[in-house]
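One structure is given below, encoded as structure tokens.
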């Protein structure tokens, strides 16, 4: 007996409602973008400068007490959140305190830090400071820039690679899917106000890699089938290709998700945001390689005869209504 | 048909065994770590130390792990081990100002000698990195310029051929402006950062922590990572403490470590000649606080030497002392060790001098650095600091371990359920894959970070992808009923282009992440990149080998994938 997530010989029609799928994707991108434009991302200190202090105590965290203890220090904007995690012990109460970057300082000065620790120790006697991170405004500005460059560079490199290995229509389809994934991921982070830090950029690039992986596998099959069925209309070729690779697409997504979900539940709170981004990315990436990349390819059309050079390469458009 | 040549089989098997062997030490982390520390400590005792002289606890530590086994470990990043991270920016501009300040007495003395033609000289207020001098007789401006220009010295750089260290220009009818030249600024920045780096390294080494990372980053930044230290504030204090540099008169040299130095004297060991001691007068003539510059240079005979310069008060004391003690040795002492004890050749006025000796170019460069090591040449501004407590690191390791195990088990079970026997083959490959990743990480001395663990978990999920592609393809080929052997062969053959394309594109993103990222993110890029390499290797070669061996033994008429 075999476990089969997708039964053999599927023949779903993925393109009968292609306008609907593209519409949904476009709408979600607009929502994501609007959320990003209106609320903005909840940037971590990596990107906006400032200091975070992680504390641990056996007493339950009372945010009011923490806030009052630090109020006298006049450090400007302070946010205090309690952290919950199934991996914590019963008497392990963790809080994250974020302090804005101080005027005229780069990283936090030892004096400021000592004052904060003294104030909190006075309020909560057994408090421990398990980690402190501080990033000056100078570096955070550069980090944001480097991160943006990294994402753009990754997408550009991929565009070139696929263009070389396939045709430009494939490259555009793949990149449209990537941009779709990146925007939706940023949108989810801004909508849910999850902390967006350097690790999330790593997750974004991984999503780019994963989504691409999926898209390339489908495209590879499309290329093969275009040679095999010279007379079939493009939408049928695409449909056959997606159906043939569907079992693999689902299998790989499931194994990856199995691994990621165990990391999400058991891996501790430090990397939870990072893992969340990747889980989201795997889901969105799988969807986009089928419904965005392939649909864009269908829309752009593609050179059919791979055996000899086409004099009007790229000039033939498939009949979408066929 | 389904065939793999014998030598290829041996090669594949050997690669796996090698990789796994390299990974084994990580399974006994503390033991191997203690073994490595002990081996290092024994090596420090000198070569050929008789076994009996090695302390018993060192021997016990060493014998915890067989010497013939690989003993490289994966470095644990700060986020896993706990420790402190600092990113400091060296304020290289500080040096320009102090250089200009220090050159004023020399210029003043020079111009004073020509007072008859130049007239009165007056220092005008200016930016800190330049000197503005007004002279009384505008007609003699050219003479004054020529005089000041004689002070210019050639810059020692690879590209700045013929360039001088200072630029002297006239402004208006009666003002001379002296600034550092562009070449000198570049050379000075280079030296300043190098010196700062050296000093930071010296001070951290003095505290003796394990494996600190002290690296130059960009043109004027220094990255400092010290595992196991309590906090970044503590680290800042260590960096902030000044090493003590003094210039002391030499009374005597001796090889007797128990020599009685006498009242007002002290016994100081030599830095690089073991067994040699100097008896020095305790009161220093000049201290490092008076030193403003030291640079590698060459003497009149073209031998490597070190130029140095004092500030005004240091210059006066140094000048007086050298005038009175020509022919006597003079000790340069750094942190209670004699760096060098040159003989005073002549009276050294003006506060600058040259130390000659039997130096190589490298030694003179190091000495210049050491001379300046008394104080940081420029202020350090800390741009970024992170402290991670060891408990948090341990929690992360524990959580990471559990998560990896569970992820691993889930994927193994799922694969076995989905593909049966072939799933088991893929599982063996997956286990080898993880071993290979750790083997490679240890071999290249990479650092494992928390996102790096996430990278491994992600690899566990994605590594089976190549196998899934192949197995799905074999299933398809079986449908067209070409017989199992042919189907397997075609499966591997046809899946290859998809596997390569898919993995190369992911690999490109890993490379970009590595190039652009820093710290933990880089750790993620490394494990992701290595994971891609090993998973392609295991899918294309290892599972294939397993399948082929199985097929040769059983010769099944039909197969079910």
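Laboratory data are not the source of any read-out in this text; all were calculated from the coordinates shown. None of the values given here were measured: they were computed from a predicted structure. Please note: Cβ atoms are built from the backbone with ideal geometry, for glycine as well, and neighbour counts cover all protein chains shown.
Tabulated results
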read-out	value
Alpha-carbon Debye profile of the range B:181-301, log10 I(q)/I(0) at 0.09, 0.11 Å⁻¹	-0.41, -0.60
Paramagnetic reach from residue B:91 (point 7 Å along Cα→Cβ, amide N under 18 Å) across the range B:219-236	B:220-222, B:236
For chain A: relative contact order, % (alpha-carbon pairs under 8 angstrom, 6 or more apart)	25
Using alpha carbons only: equivalent-ellipsoid semi-axes of the protein assembly as shown, gyration tensor based, whole Å	63, 34, 29
Cα-projected label distance for residue B:237 with residue A:265, points at 7 Å along beta-carbon direction, nm	4.5
Protection-proxy order for peptides B:183-192, A:199-208, B:140-149, each taking the mean of Cβ atoms within 10 Å per residue, highest first	A:199-208, B:183-192, B:140-149
Translational diffusion of the range A:50-135, µm² s⁻¹ [Kirkwood Rh, Cα pairs; Stokes-Einstein; 20 °C; 1.002 mPa s]	163
Inter-centroid distance (Cα atoms) of the range B:35-64 relative to the range B:284-359, Å	42
Candidates A:79, A:289, A:140, ranked by Gaussian network fluctuation over chain A, Cα under 10 Å, top entry	A:79
Cβ-Cβ FRET estimate between residue B:124 and residue B:289, R0 fixed at 25 Å, reported to 0.05	0.35
Prolate/oblate/rounded label for the range B:489-561 (Cα gyration tensor, a/c 1.5)	prolate
Simple spin-label estimate for residue A:84 and residue B:336 in nanometres, 7 Å along Cα-Cβ	5.7
Kirkwood Rh, angstrom, the range B:244-351 [1 / mean 1/r, Cα pairs]	14.4
For chain B, average projected area of the Cα convex hull in nm²	36.4
Cα-based convex hull volume of the range B:448-509 per residue, rounded to whole Å³	76
Estimated distance in nm for a label pair at residue B:381 and residue A:13, the labels positioned 7 Å out from Cα along Cα-to-Cβ	6.6
Over the range A:50-135, relative contact order from alpha-carbon pairs under 8 Å, at least 6 apart, %	49
Gain upon complete extension [residue B:142, residue B:303; 0.36 nm per residue less C-alpha separation]	54.5 nm
Per-residue [θ]222 nm for the protein assembly as shown (sum of -39500 (n - 2.57) over DSSP H runs n ≥ 4, rounded to 500)	-18500 deg cm²/dmol
Length-normalised contact order for the range A:74-122 - Cα pairs under 8 Å, 6+ apart - percent	34
Principal semi-axes in Å for the range A:200-303 [√(5λ), Cα gyration tensor, largest first]	32, 13, 8
Histogram of C-alpha separations across the range A:22-74, 10 Å bin width, %	17, 26, 26, 19, 12, 1
Calculated P(r) tail over 21 Å for the range A:62-208, as whole % of Cα pairs	61
Estimated D of the range B:12-84 in µm² per second, where Rh is the Kirkwood radius over Cα pairs and Stokes-Einstein applies at 37 °C, 0.692 mPa s	235
Mean projected area (nm²) of the alpha-carbon convex hull when the range A:129-214 is viewed from all directions	7.1
Cα pair distances of the range B:397-502 binned at 10 Å [whole percent]	14, 38, 31, 14, 4
C-alpha long axis of helix B:6-23 to longest principal axis of chain B, angle in °	50
DSSP bridge orientation in chain B - percent antiparallel, rounded to nearest 5	95
All-pairs Cα distance distribution in the range B:1-155, expressed in whole percent, bin size 5 Å	1, 7, 10, 9, 7, 6, 5, 4, 5, 5, 6, 7, 7, 7, 6, 5, 3, 1, 1, 0, 0
Kirkwood hydrodynamic radius (C-alpha pairs) into Stokes-Einstein, the range A:138-184, 4 °C and 1.567 mPa s, D in µm²/s	112
Mean projected area (nm²) of the alpha-carbon convex hull when the range B:93-184 is viewed from all directions	5.8
Helix axis angle, B:519-537 relative to chain B longest principal axis, alpha carbon, degrees	40
DSSP beta bridges in the range B:244-351 [antiparallel fraction, %, rounded to 5]	95
In degrees, nearest ten, helix A:272-288 long axis to first principal axis of chain A (Cα)	10
Paired Rg and Dmax values of chain A, which use every Cα atom, in angstrom	24.8, 80
Exercise: per-residue mean of other protein chain Cβ atoms within 10 Å, A:127-134	6
